[in-house]
């Protein structure tokens, strides 16, 4: 069996949310807590639960897990669930209120990129300063210096004070330093969106290389695609407690089911829309192959998008053609493909003032991740309704990754087999 490199035992963290107390009282409270903690250690007593005052809350509650060498752990959860607090404790930036953590190996943390940089120093000086803060000596820093500069792409401005850097240059240099420190354990908190698109690709490739070299990685992210791509074990935290620990794909499916148990979106109240308003898209549902509500789909799946619409009887009589458009974009806002409907002229005799439209996707050709759907309704060649980012589509790992090219590039880069029909 592989050795355990991180052991988390009974970690809890309490924060105060009440008004600030005078500094003199803060010092007295710190001394009292220190004395109490020292006394507990000297008496070797078991941990005693602490009553939570009204002005305090527990960010983490009794967290327990082990990480073996080379394991890649993904941590997911809502905002405020306690994910970043956990990583700060593992990074020794924050100490737990209760419990202990045992770590074996050199740890590099990518929590807040750029922490430790001095704005008055040059880029060159900050490379040495930041690497030294991570524990490298001068010879070790010299050995990685050229790689850091080349990766960051800021060599031309290396001797300029970083306070004159653009935000993108600053983040690129900071990430480059942290990513070349040869860590045994790498902790990452939403840091794969650094810089422009080309640099993000370099960041992803660098992390993939570290993973392939057998480094231990703990990765916090809201991107289910990145989690599925990098991780072999999943931990889901909610309200400071572990809700799930196990297989990545099963955990993501459970999390999505909890987050959105029925993937049905009410579009009636959406204010961020465009068009004449003569007709409205009223709802959007994701349905599985059996036309049952689904919270996610898998790569290679057959599924349906069901749209509700509504307009007046008088307007219905003037309709000559109906055209629906769905545009699918990835998390980086790149257009992947469109689902334009055919003009539903053959079905206009059955068109009512309120009903549904159904788009049948016969085989989904997307890798795991989160995707954004923008929908539009055109009647008589006029835009009557458009809703940006009407919903998100969560795609989990499946058994098919084939892609193709559409003859019309305006629809996107991926070819998807689909069809439209009325759903009254």
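The numbers here are math on the coordinates, done by the rules we state, and not lab data. Fair warning: this is a prediction, and the values are worked out from it, not measured in the lab. When we count neighbours, we look across all protein chains shown, and the Cβ atoms used for this are built from the backbone with ideal geometry, even at glycine.
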*Any idea how far apart residue 291 and residue 94 come out in nm if each label point goes 7 Å out from Cα toward Cβ?*
4.9
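Apply 1/(1 + (r/R0)^6) to the Cβ-Cβ distance of residue 257 and residue 133, taking R0 = 25 Å, and write down the FRET efficiency to the nearest 0.05.
0.05
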*In nm, to one decimal, how far is the residue 106 label point from the residue 421 one, both placed 7 Å along Cα→Cβ?*
6.2
*asked:* Let me understand region 127-212 better: what is its radius of gyration from the alpha carbons, and its Dmax, in angstrom?
replied: 12.6, 36
*Fewest-first ranking of 394, 370, 85, 312, using other Cβ atoms within 10 Å as the exposure measure*: 312, 370, 85, 394
*Taking a ≥ b ≥ c as the square roots of the eigenvalues of the Cα gyration tensor of region 73-112, is the shape rounded (a/c under 1.5), prolate (a/b larger than b/c) or oblate?*
oblate
